[in-house]
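Asker: Take a look at this one; I'll ask things after.
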Amino acid sequence: MAVLGNLPSWLGVDAVRDIAAGLAVAAIVGVMVVVFFVHSVAARIVAIVVLGAALFGLLRYRGELDHCDRNGCACTLVGHDLKGGGCAPSR
């Protein structure tokens, strides 16, 4: 498989975990904005479903990072091994 690029050196397990938490908070704020400012019921439902799916995915990925970090298995982001924490060292 061809490598198109490398992740930045600062992008480790802790940074990705913090970014995922920040995006989850932003999704919650987005849901609240949609509920209070969008007048169309159909648009509210679609936006809440989309943001809810994104929130679920982010929190699931954050939990997966916590699990792999604790158990010492490789933590990955878009197919690249992340550095830091208890994750297995990258190749």
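Asker: Considering only residues of the stretch 12-45 that are over 17 Å from the mean Cα position of the chain (by Cα) and outside any helix (DSSP H, G or I), which is nearest to K83 (Cα to Cα)?
Answerer: V38
Asker: Restricting attention to the stretch 58-77, and to residues there that are over 9 Å from the mean Cα position of the chain (by Cα) and without any contact (Cβ under 8 Å) to a residue 12 or more places away in the chain, which single residue is farthest from I28 (Cα to Cα)?
Answerer: So, considering only residues that are over 9 Å from the mean Cα position of the chain (by Cα) and without any contact (Cβ under 8 Å) to a residue 12 or more places away in the chain, the one farthest from I28 (Cα to Cα) is T76.
Asker: Does I48 fit the bill of being touching a residue at least 12 places away in the same chain (Cβ under 8 Å), assigned to a helix (DSSP H, G or I), among the β-branched types (V, I, T) and out of contact with any strand residue (DSSP E or B) (no Cβ under 8 Å at 6 or more places or on another chain)?
Answerer: Answer is yes for this residue.
Asker: So, one more: For the stretch 42-91, which residues satisfy the criterion of being modelled with pLDDT under 80 and of a type in the set (K, R)?
Answerer: R70, K83, R91 - these are the residues of the stretch 42-91 that are modelled with pLDDT under 80 and of a type in the set (K, R).
The values are calculated or read from the model by the stated rules, or taken from the named source; none is laboratory data. Note that the structure is a prediction, hence the values are computed from the model and not measured. In this analysis, Cβ positions are derived from the backbone assuming ideal geometry, glycine residues included, and neighbour counts consider all displayed protein chains.
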